[in-house]
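Asks: Before I ask anything, let me first share the structure, which is written out below as structure tokens.
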């Protein structure tokens, strides 16, 4: 039987994060992806699905997530094809998630040449400021993945020496492809760099050739498998074996193989090791929505830099985020004389911390787990 | 008919405060007096009733409060004789409350000579650190009021240059009465001073003869009326007229007269103007429980100076008060990395402020009133 060569584009949204950093709004069964953190009423996941669905068609969009999140995602996004929600047997970081997705697609399309399946991998973790610019990047990146047989990523021009992101170093001599006004410029990638220290971050920003690693990837299934075979032969082998087992519906084998996979990031497992990586420059405002201090809320702003949602009473405060998710009728929230504070209120929980400690919500969640509290 | 001369002692607890500074725990129908702010399960009012009831008998204790608080007080303190809850027609400060109380007692005991009725007037606003020392003061003050025909007050030796209290200046040359170990020393009062500025407060504390005005008063009804006649003849006249109207149950007249009374403090109306005032020195730990930062909670303390109630999760905090009145099961409260903050949570409201702004809760309550919120 001759494998079908019709080009198929699929979108993959990685949505496995536990989102503890958005407690008390996020919970074990309500991760941050399902919260409307960047839009008045659309969840992060919903906003991630839209542009990808426009590019490849909704039926070709897949969500890869944890088992316990399939039902909540289905409930939150009922229009989304339930059978396209892929669930990992356990958590094995992004390398695991993308290996599983590759295996699943090989099983789903047994007759199709892996050279005729191109993936756009994104996440539901970011705020995109310009939908059109983002779609232009997606289109460019998919074209590059198909035409150049490369692993493609999207790099964001850094606007500050951020130490919380990885960086992609591009070879800037001349763009691989660039059609002004129609595509974003594309460069060869020299190296991936993990999260830098402050001094390194300063140098990166000054260099003009280092970009924030956006965590978006584009590749043909065949290219992914080929590069993975060179970089991580065991992982490539696992993909093939899982694909065979998935074709047979042999869940036990899939689980056993998947559990044995090393839980590492795809950047570390594959991207860093490959010499065949292109970077499309992101020409749109982009922000990582990683913790409460990064929520550029859809709420109200005042002249003192306070951002509020849910009508809290904020008196003499500056640079505070006050998020009353329960609404003023259920919970009256009053904040007086605070600076740089984050106050989050739901109908069964309250969080208070300085902006600088936004990453440390996890300490609260850990303690609540330890106490077996119901609010996790 | 000859007036009865048997000595009668009555206790009067002024409990008319609105307690907005303890929002969100206090509400319009649940003032601070009904909250357990200084004891695990006894309200401020309950703690105020106990020693006075021991001195004069429960049936001779009266609570003077606002109309809307009679039912809540009855519900909170069911053992307390309901008919002893006196309700003012409207708010007219402490001078109004004590004028009304005097009139009410005259009407209640029409056959009794006002020289044979002695009042101990206290509030439910304070934390008393030594019940026995407090009772000794009460006994001494009542004796002085009866034996010396004076207005008697209780002065607290200042432990800091507090600008939030009034001061009583004593003539220290020699005590009017003092029986070591049995009574507290008693002095003639030279003057009452309103809340001082910082410099004045420093001088007051250094002088050794200035005491905090505790807001407690002791007097025979006859002495009160006589001194009031000299200081505020119109107010004394109002007391007599109200007493006559109360005897006839003529509520309309009582209300009309009461509404016309000037809303001023008894300190300003009477004590400052009188030359016949004695002060018993308070020999017990005393604290004004005026706002959240003054709550020496009945909860848990840790080595970083945090005081907690209701099992909040407190991580890397110092000198914070975290009061989860709803309990951890209803509301999970997490506070991370805060210093000097006050966080109060009920099942329908949240308050966050620095300790230094504890007085400013009212701004929140005002705004909530303006919004017609249900949580006031």
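Where a number appears in this text, it was derived from the coordinates with a stated rule and is not lab data. All of these numbers come straight from a predicted model, not from anything done at the bench. Here the Cβ positions follow ideal geometry from the backbone for every residue, glycine too, while neighbour counts run over all protein chains shown.
Asks: Find how many whole Å separate the alpha carbon centroid of the stretch B:5-48 from the alpha carbon centroid of the stretch A:139-215.
Replies: About 67 Å separates the Cα centre of the stretch A:139-215 from the one of the stretch B:5-48.
Asks: Can you give the Kirkwood hydrodynamic radius of the protein assembly as shown from its Cα pairs, in Å with one decimal? Show your work: numbers first, answer last.
Replies: On the way: mean 1/r = 0.0323 Å⁻¹.
It works out to 30.9 Å.
Asks: Sticking with this one: Ranking request for peptides A:289-295, A:369-375: highest mean number of other beta-carbon atoms within 10 Å first, then the rest in descending order. Intermediate values should be presented prior to the final figure.
Replies: On the way: A:289-295: 21.1, A:369-375: 13.6.
Ranked from most to least packed, the peptides come out as A:289-295, A:369-375.
Asks: Over all residues in B:354-360, what is the mean tally of Cβ atoms on other chains that come within 10 Å of each residue's Cβ? List each step's numbers first, then the result.
Replies: Details: counts 5, 1, 1, 5, 2, 1, 5.
Shielding by partners across B:354-360 averages 3.
Asks: Okay, moving on. Per residue Cα convex hull volume for the stretch A:177-279, in cubic angstrom? Working shown, then result.
Replies: Numbers: hull volume 13.7 nm³, N = 103.
Hull volume over Cα atoms, normalised by residue count, gives 133 Å³.
Asks: Write down the Å³ per residue value for the convex hull defined by the alpha carbon atoms of the stretch B:209-258.
Replies: On the way: hull volume 5.7 nm³, N = 50.
Spelled out: Cα convex hull of the stretch B:209-258, divided by residues, is 114 Å³.
Asks: Let me ask you something else. Using helices alone, what [θ] at 222 nm do you get for chain A, with -39,500 (n - 2.57) per DSSP H run of 4 or more residues, divided over all residues and rounded to the nearest 500? Could you put the intermediate results ahead of the total?
Replies: On the way: 10 runs with 114 residues, N = 376.
Value at 222 nm, helices only, nearest 500: -9500 deg cm²/dmol.
Asks: Please give the helix A:131-148 orientation as an angle from the longest Cα principal axis of chain A, in degrees from 0 to 90, rounded to the nearest 10.
Replies: Its long axis makes an angle of about 20 degrees.
Asks: Using Cα atoms only, what is the angle between the long axis of helix B:93-108 and the major principal axis of chain B, expressed in degrees (0 to 90) to the nearest 10?
Replies: In chain B, helix B:93-108 runs at an angle near 50 degrees to the longest axis.
Asks: Using the Kirkwood radius over Cα pairs, work out the Stokes-Einstein diffusion coefficient for the stretch B:97-241 at 37 °C and 0.692 mPa s, in µm²/s as a whole number. Don't jump to the answer; show the numbers that get you there.
Replies: Working: Rh = 16.5 Å.
For these conditions, the coefficient is 199 µm²/s.
Asks: Mind checking the mean number of beta-carbon atoms from other chains within 10 Å of the Cβ atoms in B:321-329?
Replies: The shielding value for this peptide is 2.
Asks: Please report, largest first and rounded to whole Å, the three semi-axes of the ellipsoid equivalent to the stretch B:85-166, where each semi-axis is the square root of five times an eigenvalue of the C-alpha gyration tensor. It would help to have the intermediate numbers written out before the result.
Replies: Values: eigenvalues 137, 72, 28 Å².
That gives 26, 19, 12 Å for the three semi-axes.
Asks: Okay, moving on. Using alpha carbon centroids, what distance separates the stretch B:67-112 and the stretch B:265-311, in Å?
Replies: That distance is 23 Å.
Asks: Convex hull over the alpha-carbon atoms of the stretch A:4-47: what's its volume per residue in Å³? List each step's numbers first, then the result.
Replies: Values: hull volume 4.3 nm³, N = 44.
Normalising the Cα hull of the stretch A:4-47 by residue number yields 98 Å³.
Asks: Let me ask something else. Once you have a ≥ b ≥ c as the square roots of the Cα gyration tensor eigenvalues for the stretch A:253-376, tell me rounded if a/c is under 1.5, and otherwise prolate or oblate according to whether a/b is larger than b/c. Intermediate values should be presented prior to the final figure.
Replies: On the way: a/c = 2.97, a/b = 1.59, b/c = 1.86.
Verdict is oblate for the stretch A:253-376.
Asks: Given R₀ = 35 Å, FRET efficiency for residue B:250-residue B:71 by Cβ-Cβ distance, to 0.05? Could you put the intermediate results ahead of the total?
Replies: Numbers: r = 24 Å, r/R0 = 0.68.
For R0 = 35 Å, the calculated efficiency reads 0.90.
Asks: Evaluate E = 1/(1 + (r/R0)^6) for residue A:147 and residue A:41, where r is the Cβ-Cβ distance and R0 equals 45 Å; express this FRET efficiency to the nearest 0.05. Let's see the in-between values first.
Replies: Numbers: r = 38 Å, r/R0 = 0.86.
It comes out at approximately 0.70.
Asks: Let me ask something else about it. Using a label position 7 Å from Cα in the Cα→Cβ direction, what is the ascending list of nm distances from residue A:253 to the same site in the other copies?
Replies: Output for residue A:253: 10.3 nm, nearest copy listed first.
Asks: Here's a follow-up. Taking chain A as the reference, fit the longest principal axis to its C-alpha atoms, fit the long axis of helix A:198-207 to the helix C-alpha atoms, and give the angle between the two in degrees, 0 to 90, nearest 10.
Replies: 60 degrees
Asks: Which value, in nm² and rounded to one decimal, describes the direction-averaged projected area of the C-alpha convex hull of the stretch A:37-173? Before the final figure, lay out the partial values.
Replies: On the way: hull surface 41.3 nm².
The Cα convex hull of the stretch A:37-173, projected and averaged over all directions, gives 10.3 nm².
Asks: Other chains near B:308-318: what is the mean number of their Cβ atoms within 10 Å of each residue's Cβ? Walk me through the intermediate numbers first.
Replies: Values: counts 0, 0, 0, 2, 4, 10, 3, 9, 4, 2, 0.
If you average over the peptide's residues, the count of other-chain Cβ atoms is 3.
Asks: State log₁₀ I(q)/I(0) for chain B at q = 0.09, 0.10, 0.14 Å⁻¹ as given by the Debye formula over alpha-carbon point scatterers of equal weight, solvent excluded.
Replies: So the normalised log intensities work out to -0.55, -0.67, -1.26.
Asks: Something else about it: Along the Cα→Cβ direction, 7 angstrom out, place labels at residue A:172 and residue A:359. What is the inter-label distance in nm?
Replies: Distance between the two pseudo-spin positions: 2.7 nm.
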